[in-house]
Amino acid sequence: MKSYRSLLESVHGNICGREDIEWSNFWYDRANGEDVRRILLVGDSTSRMVRSRLAKELNEPVDLLGTSSGLHDSLFCSQVDAFFECGRRYDAVFIQLGNHSRVNDDGETYQTEDYDRFGRDLRALITFLQQYSDRIILETVFFCVKPLGKISSWIERTFRIKLEEYDEDINSNSRQKNLMIRQVAQELGVELLDVNATMMNSNYMRIDHIHFERRAVHAIVKIMSGQLQTPYHNNKSVKVR
């Protein structure tokens, strides 16, 4: 098995390219069992948001490799190596990465070369994960909204009226990453699940700048479980809104 680190062109450990708090969260579901099927989510808190509900929906274990680190940060490399020490294989792997790491290695705003680098790192990650699963599903990252005041939040919750305003300072980065995610999915022939477009066109509410209310989580899980039921053929891209 090749290590993830060996597939990257370079690895950085620059603290100025990191967030104030970096975190990781491993979840091995039914770790003491030998289940026939097992799903893996690779992402951040938006993947953690759906993990337990997806496991209940599928009635099978769903593991989580959760992280805030950038794809070529030495922290992320170490986390990936540690997670896969167990050597498990997965029936499918969902990847939703890009919400974090919105500055480059020097702590500056992303430039064209940084988005290109994100794409190359994502390709390397997919190549690595294909050693553990024959089915990789790329998800777009969610756009962020600006925080609402107390009165506006009360109106949203009480009358189910969406008052949210998208945060373009953040979403300009997410938009370019989503374009790269689409491009990588098409190039490598892996499935694309555009959960961001689906949620943008819905009436579901947020509980903060990026996470959704409980009923929205149920809807996202239905989309993911539906994708798993879609007939899949290796090296054929499947695009879903």
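Quick notes on this one:
- Search result, residues across the range 95-108 that are over 21 Å from Leu40 (Cα atoms) and in contact with a helix residue (DSSP H, G or I) (Cβ under 8 Å, 6 or more places away or on another chain): Ser101, Arg102, Val103, Asn104, Asp105, Asp106, Gly107
- Screening the candidates Val42, Val103 for the property of being under 24 Å from Glu191 (Cα atoms) and of a type outside the set (S, T, N, Q) yields one hit, Val42.
- Near pairs, Cβ below 6 angstrom, 6+ apart or cross-chain, from the range 99-116 (farther than 10 Å from Gly17 by Cβ) to any residue that is open to solvent by 30 Å² or more (accessible area, probe 1.4 Å): Tyr115/Gln176
- Note on the range 138-239: enclosed helices (runs of 4 or more DSSP H) holding 2 or more residues that are modelled with pLDDT under 90, open to solvent by less than 80 Å² (accessible area, probe 1.4 Å) and small (Gly, Ala, Ser) are 150-159.
- Tabulated pairs, the range 161-186, first under 15 Å from His209 (Cβ atoms), second among the aliphatic types (A, V, I, L, M) and part of a helix (DSSP H, G or I), C-beta under 9 angstrom, 6+ apart or interchain: Leu163/Ile155; Tyr166/Met200
The values are calculated or read from the model by the stated rules, or taken from the named source; none is laboratory data. This one's a predicted model, so the numbers in the text were calculated from it and none came from an experiment. Positions of Cβ are generated from backbone atoms using ideal geometry, with glycine treated the same way; all protein chains shown enter the neighbour counts. We work out accessible area using only protein heavy atoms, side chains counted, and drop any ligands, DNA or RNA first. Shrake-Rupley method; radii C 1.70, N 1.55, O 1.52, S 1.80 Å.
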